[in-house]
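Read the structure below first, then the notes.
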Amino acid sequence: MGAHHPERPERLAAIDDQLIASGIGQHLKRYEAPLATDEQLARVHPREYVRAIREIAPSEGTVHLDPDTAMNRYTLPAALRAAGAGVLATDLVLKGEAKSAFCPVRPPGHHACRARAMGFCIFNNVAVAARHAVQAHGVERVAIIDFDVHHGNGTEDIFENDAQVLMASIFQHPFYPYSGAEDPAPNMHNVPLAAGSGSREFRAAVTRVWLPALEEFAPQLIYFSAGFDAHVEDDMAMLRFTDGDYGWVTEQIKAIAERYAEGRMISLLEGGYALSALGRSAVQHIRVLAGLNT
Ligand SMILES: [Zn+2]
């Protein structure tokens, strides 16, 4: 994304470092993310949009898609693999080869709307994966849990009024991208939190809003848009979540997954810019996803 941009390659190394330090990395099976195909992307984005991104991708230098979102010559393959990771994870989990999956991908995806890149996001990775589950595997009810500090406006744009997808999002408000204060459709469960909110407000909102909605929906597969930028140490925003909150929320969602979805959970990295907090929080999340929390 350019020098001094918070969405930087070191983010993935920070997660890897903590996987090693915690000892849980050795229990995980690793896969290389394939490139998403145009057909997979076209389940979410108009073909003209996919074509335009391919055409604008530079062979040298940098082009900006919006003030925060740039492409260099490595960005298009990275974006295609970020979307492809969720597709592969979906195939592995639905074929029973894995019970759960975490996709440490860059660029993130949840601000990418149907036909618009924004907020560091080019393709909506979690949406491409969820549509793959529905259209290629015939899954009828998919839930997307988004705990990034920013509202997942792109995911909302794509799935609003899609009865096969429930989206639950908690985020700081008012804050970028300044959407989500109200639910635009019955399948959307937005919880805006005021700046300064911490563990208590987060856990209360999950318990009051997310869990009853998920119980009623009975998802057959659960995705996470896993952003860790609501952490108290992350100065991208002003929420005050702790490492333990990410383990806790994953446990709450896992209980739903075990009741309705055969335990199937797939998580895709979104934000998280304070490197140490990102690595530690991701490990809390992955530990529960992988069933290594005892
Ligand atoms: Zn974010």
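Structure data summary
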| read-out | value |
| --- | --- |
| Count - residues of region 137-149 that are more than 11 Å from the chain's Cα centre (by Cα) and not small (Gly, Ala, Ser) | 6 |
| Strands (runs of 3 or more DSSP E) wholly inside region 48-143 containing at least 3 residues that are closer than 30 Å to His27 by Cβ | 100-103 |
| Some residue of region 93-106 being more than 13 Å from the chain's Cα centre (by Cα) and open to solvent by less than 20 Å² (accessible area, probe 1.4 Å) | yes |
| Residues satisfying the stated conditions in region 214-238, i.e. closer than 23 Å to Ala101 by Cβ and open to solvent by 10 Å² or more (accessible area, probe 1.4 Å) | Phe217, Ala218, Gln220 |
| Positions within region 152-175 being of a type outside the set (Gly, Ala, Ser), part of a loop (DSSP other than H, G, I, E, B) and out of contact with any Pro (no Cβ under 6 Å at 6 or more places or on another chain), in sequence order | Asn161, Asp162, Gln164, Pro174, Phe175 |
| Criterion: at negative phi and within 16 Å of the ligand (Cβ to nearest atom) - qualifying residue of Gly84, Gly154 | Gly154 |
| Options Ala14, Ala78, Ala57, Ala52; residue that is open to solvent by 20 Å² or more (accessible area, probe 1.4 Å) and under 20 Å from Phe228 (Cβ atoms) | Ala78 |
| So Phe241, is it under 20 Å from Val126 (Cβ atoms), in contact (Cβ under 8 Å) with a residue 12 or more places away in the chain and surrounded by 22 or more Cβ atoms within 10 Å (Cβ to Cβ) | yes |
| Residue in region 191-227 that is farthest from the ligand (Cβ to nearest atom), counting only those that are aromatic (Phe, Trp, Tyr) and in contact with a Phe, Trp or Tyr (Cβ under 9 Å, 6 or more places away or on another chain) | Phe217 |
| Gly263, sole failed condition from (1) open to solvent by 10 Å² or more (accessible area, probe 1.4 Å); (2) over 16 Å from the mean Cα position of the chain (by Cα); (3) farther than 24 Å from His150 by Cα | (1) |
| First in region 211-238 and farther than 15 Å from Ser197 by Cβ, second anywhere and buried (at least 19 other Cβ atoms within 10 Å of the Cβ) and among the polar types (S, T, N, Q), Cβ under 8 Å, 6 or more apart | Leu221/Thr90; Tyr223/Ser267; Phe224/Thr250; Phe224/Ser267; Ser225/Thr155; Ser225/Ser169; Ala226/Ser267; Phe228/Ser281 |
| Any hit, region 268-277, residues being within 16 Å of the ligand (Cβ to nearest atom) and touching a Cys at 6+ places or on another chain (Cβ under 6 Å) | yes |
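The values are calculated or read from the model by the stated rules, or taken from the named source; none is laboratory data. Remember, it's a predicted structure, so these values are computed and weren't measured experimentally. A quick note on method: Cβ atoms are made from the backbone with ideal geometry, for glycine too, and the neighbour counts reach across all protein chains shown. For accessibility, only protein heavy atoms count, side chains too; no ligands or nucleic acids. Shrake-Rupley method; radii C 1.70, N 1.55, O 1.52, S 1.80 Å.
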